[in-house]
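The values are calculated or read from the model by the stated rules, or taken from the named source; none is laboratory data. Keep in mind that this is a model prediction, so the values were computed, not measured. Neighbour counts run over all protein chains shown; Cβ positions are idealised from the backbone, glycine included.
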Amino acid sequence: MQPVLIIGAGLSGLSCALYLHKKGIPVQILEASDGIGGRVRTDELDGFLLDRGFQVYLDAYPEAGKLLDLPALDLKPFEPGALIFDGEKLHPVMDVFRRPASVLRSALAPIGTLADKLRVALLRFKILHSTSKSPDQTTESFLKNFGFSPRIIDTFFRSFYGGIFLENDLRTSSRMFEFTFRMFTQGSATLPAAGMQGIPQQLVDQLPADTIRLNSPVTSIHGKQVTLNTGETLTASHLILATDAHQTAKLLPAFQAQSPTWRAVTSLYFTTEKAPFPDPIIALNGTGKGLINNIAILSNVAPSYAPTGQALLSVSVLGLHQNENLAALVIAELQTWFGPAAKNYRHLRTDHIRHALPEQKPGHKSPGSLKLNNTWICGDHNTTASIEGAIISGKQTAESLLASL
Ligand SMILES: Cc1cc2nc3c(=O)[nH]c(=O)nc-3n(C[C@H](O)[C@H](O)[C@H](O)COP(=O)(O)OP(=O)(O)OC[C@H]3O[C@@H](n4cnc5c(N)ncnc54)[C@H](O)[C@@H]3O)c2cc1C
């Protein structure tokens, strides 16, 4: 029997392969790059674990949790909350339901009004318990309609969700906001001890050894035949495109009309001997000015991310910044956050990630799986742009294909 050919060894392709394999269907994955994981990859550099862009795994993701062995991932949690930089100092704003001792400090922090803080509790209740759905709208209008003040939207929501949506106009669909808010409420943001690539690696480990061919970019598809860059052609029983939406549109012109626009991010890593703060918590730029959106000291969360005696800082700048002086500009900005010591931070690497997340505006359709010209299409663009979304899309594509047999 010809195998099902899956193009792309990102999380959607791997999840699809695993569900088909569990049903006894032979699968072969063709991957263009030199490794598995797609957008979820980690490189080791001089003892540091550098994820390709700041990412976290939310341990409440229900479908991902079914495929992964979470204890074996040795997930290290972030503190629930954030430190917010107001131009002078960092103010802690904690999830008071999980850190009740912080209620006073959080209530007194000059981030939004007291009414805003009560509204967060109301929103939490509504998202966890209400069955009625709010209309799909931008996240910004959802927050305004919920009664949040412009101050808390500007100082907290723009940078916190800016770091997740990779845009801080908050134009992303409120469905995505509600989904991530629920995940943060029900669990923790975490880092696997071995780096984010530990997640796709666990899926690969559950597949037969010869399932994946790396360094095998597909250049064209014709019916159930694919051609690789070497000219080699392969024939599939069924063909699944699990590439990112940008590549999907290139390989399958019929998809072009649905190809989304992209959000980009520039991610910088620095190291220093003394971490500027000791806590495993994200720090957000609440000033609305400057390049930096968010900072995490990854070695405070997962010590395995850095050699002993070194701290690893991850700084996210929204959008693509190709400026050669970017690291110097970020270091100058870090000095306003952490004082003159930041001048000596050592720059390790900058990642420019053009195709980071597909735009998901209000009205975004989430078909899970899609079939065009006899080719199945899966990927995060079909669901929510997230690890969970990619895994769900892989699962739903496998289920649709199995149902069609
Ligand atoms: C910087 C950044 C931060 C993020 N933060 C988070 C986060 O904190 N939490 C979260 O849940 N999600 C996060 N995400 C989103 C999440 O990583 C993605 O939604 C998910 O990994 C997408 O998986 P995918 O399989 O749909 O696509 P991809 O991971 O893009 O996989 C597609 C694969 O197809 C391969 N490919 C492409 N073209 C070809 C070809 N012609 N032939 C063969 N192979 C090809 C690619 O090399 C790639 O391996 C983040 C993403 C980025 C980039």
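Scan segment 341-389 residue by residue and report those that are β-branched (Val, Ile, Thr) and farther than 29 Å from ASN323 by Cβ. Walk me through how you get there before you give the answer.
Step one: of segment 341-389, the residues β-branched (Val, Ile, Thr) are 350, 353, 375, 377, 383-384, 387.
Hits for segment 341-389 are THR375, ILE377, THR383, THR384, ILE387.
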Out of ALA17, ALA115, I need the residue that is at pLDDT below 95 and either within 29 Å of VAL315 (Cβ to Cβ) or in a helix (DSSP H, G or I) (or both). Which one? ALA115
Six or more apart or on different chains, Cβ under 6 Å: which pairs go from a residue in segment 126-149 that's modelled with pLDDT of 90 or more to one that's of a type in the set (Ser, Thr, Tyr) and surrounded by fewer than 15 Cβ atoms within 10 Å (Cβ to Cβ)? Could you list them? SER149/THR113
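Which members of segment 383-404 meet the condition of being within 18 Å of THR261 (Cα to Cα) and in contact (Cβ under 8 Å) with a residue 24 or more places away in the chain? Show your work before the answer.
Let us first name the residues in segment 383-404 that are within 18 Å of THR261 (Cα to Cα), namely 383-386, 389-390.
Matches in segment 383-404: THR384, ALA385, SER386, ALA390.
Could you go through segment 233-242 and let me know if any residue there is within 27 Å of the chain's Cα centre (by Cα) and either surrounded by fewer than 22 Cβ atoms within 10 Å (Cβ to Cβ) or small (Gly, Ala, Ser) (or both). Let's see the steps before the verdict.
Here is the first cut: in segment 233-242, the ones within 27 Å of the chain's Cα centre (by Cα) are 239-242.
Subsequent filtering for residues that are either surrounded by fewer than 22 Cβ atoms within 10 Å (Cβ to Cβ) or small (Gly, Ala, Ser) (or both) retains 242.
Yes, segment 233-242 contains at least one residue that is within 27 Å of the chain's Cα centre (by Cα) and either surrounded by fewer than 22 Cβ atoms within 10 Å (Cβ to Cβ) or small (Gly, Ala, Ser) (or both).
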What's the number of the only condition in (1) hydroxyl-bearing (Ser, Thr, Tyr); (2) near the ligand (Cβ under 9 Å from one of its atoms); (3) in contact with a Ser or Thr (Cβ under 7 Å, 6 or more places away or on another chain); (4) closer than 30 Å to ALA306 by Cα that THR180 fails to meet? (3)
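From GLN247, GLN202, grab the single residue that is outside any loop (DSSP other than H, G, I, E, B) and either hydroxyl-bearing (Ser, Thr, Tyr) or more than 12 Å from the ligand (Cβ to nearest atom) (or both). Break it down into steps so the answer makes sense when it comes.
Details: GLN247 fails: either hydroxyl-bearing (Ser, Thr, Tyr) or more than 12 Å from the ligand (Cβ to nearest atom) (or both).
After applying the criteria, what remains is GLN202.
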Does at least one position in segment 70-86 carry a residue that is loosely packed, with under 14 Cβ neighbours inside 10 Å and at pLDDT 95 or above? yes
Going by the conditions given, is ILE212 assigned by TED's automatic domain parsing to the domain that holds ILE25, within 13 Å of the ligand (Cβ to nearest atom) and closer than 26 Å to ILE387 by Cβ? yes
